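Structure first, commentary second.
The values are calculated or read from the model by the stated rules, or taken from the named source; none is laboratory data. Being a predicted model, the structure only gives us computed values, none of them experimental. FYI the Cβ positions are ideal-geometry reconstructions off the backbone, even for glycines, and counts take in every protein chain you see. Heavy atoms of the whole protein, side chains included, go into the accessibility calculation; ligands, DNA and RNA do not. Shrake-Rupley method; radii C 1.70, N 1.55, O 1.52, S 1.80 Å.
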Amino acid sequence: MRGLSADALLHLPVRLNGIDIGRPVDVILAPELDRALGLDVLCGDSAHRFLPLGAASIARDEIALSSALTLVEDPSFYLRKGAAYRGLRGQTLTRGGHPLGVLRDLLLAKDGSVEELVVEGPDGTTRRYRTDELDRAVLPAR
């Protein structure tokens, strides 16, 4: 999963033994916004479930589960305590107190840590920043 974008994760089906279980609708980040905890998955029965990132195997064309038990039935704790990626997209990022542009994507490492933030500048150009290149309070927690 090296360098996988948060946007790309939202376009992959969640499958168990090749059978579609649902679709991720959001990436849930740790309150510090430095790591993806898991995915908010909209399942076939219209219920939202939380999928811890470490419990999934992410391939180029799917998010594979080893067991349906890896989906947490009540995702409210994670949704309440974490930060929703989709709510953070479009937020202005700063360095040294000066605006750089708006968040367009996050690039995640294999362990779920945020490696880079993809920022669209005022002139429309896109640039990647490591998290340590930006102000600590880069994104507002929800």
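Kirkwood analysis of the Cα pair distances in the range 41-93 returns a hydrodynamic radius of 12.7 Å. Sorted largest first by accessible area at a 1.4 angstrom probe radius, with every protein chain in place, the residues 77, 50 fall in the order 77, 50. Residue 95 exposes around 90 Å² of accessible area when a 1.4 Å probe is run over every protein chain in place. The phi torsions of the range 94-102, fed into the Karplus equation with coefficients 6.51, -1.76 and 1.60 and a -60° offset, translate into couplings of 10, 9, x, x, 9, x, 9, x, 10 Hz, rounded to whole numbers, with Gly and Pro shown as x.
Other residues lying with their Cβ under 12 Å from the Cβ of residue 48 contribute a combined charge of -3, Lys and Arg counting +1, Asp and Glu -1. Sorting 23, 49 by solvent-accessible area of protein heavy atoms yields 23, 49, largest first, with a 1.4 Å probe.
Please list 57, 66 in order of solvent-accessible area, largest first, computed with a 1.4 Å probe with all protein chains present. Present the calculation step by step, with values, prior to reporting the outcome.
Values: 57 70, 66 100 Å².
Ranking 57, 66 by accessible area, largest first, yields 66, 57.
Ligands, DNA and RNA left out, the 1.4 Å accessible surface of the chain is 50% carbon and sulfur atoms.
In sequence order, the range 77-91 has phi-based couplings of 4, 5, 5, 6, 8, x, 10, 7, 4, 4, x, 8, 4, x, 6 Hz under the Karplus curve 6.51 cos²θ - 1.76 cosθ + 1.60, θ = phi - 60°, and Gly or Pro positions carry x. Report residue 70's accessible area, 1.4 Å probe, all protein chains in place, as a number in Å² to the nearest 10. Ignoring ligands and nucleic acids, residue 70 comes out at about 30 Å². Using heavy atoms of the protein chains and a probe of 1.4 Å, the accessible area assigned to residue 48 is about 80 Å².
Between beta-carbons, use under 10 Å as the cut-off and find the net charge around residue 86, counting Lys and Arg +1, Asp and Glu -1. Mind showing how you got there, number by number?
Details: positive: 89; negative: 7, 26, 40.
Within the 10 Å Cβ shell, the charges total -2.
A straight line joining the Cα centroids of the range 83-110 and the range 1-50 runs 19 Å.
Quick check for me: using +1 on Lys/Arg Cβ and -1 on Asp/Glu Cβ, what's the dipole size of the range 1-82 about its Cα centre, in debye to the nearest 20? Before the final figure, lay out each step's value.
Working: 8 positive and 11 negative charges, 32 e Å.
It comes to approximately 160 debye.
Normalised by 2.2 N^0.38 Å, where N counts its residues, the alpha-carbon radius of gyration of the chain equals 1.06.
Along the axis of the charge dipole computed for the chain (Cβ charges of +1 for Lys and Arg, -1 for Asp and Glu, origin at the Cα centre), the listed residues 3, 102, 65 are led at the positive end by 102.
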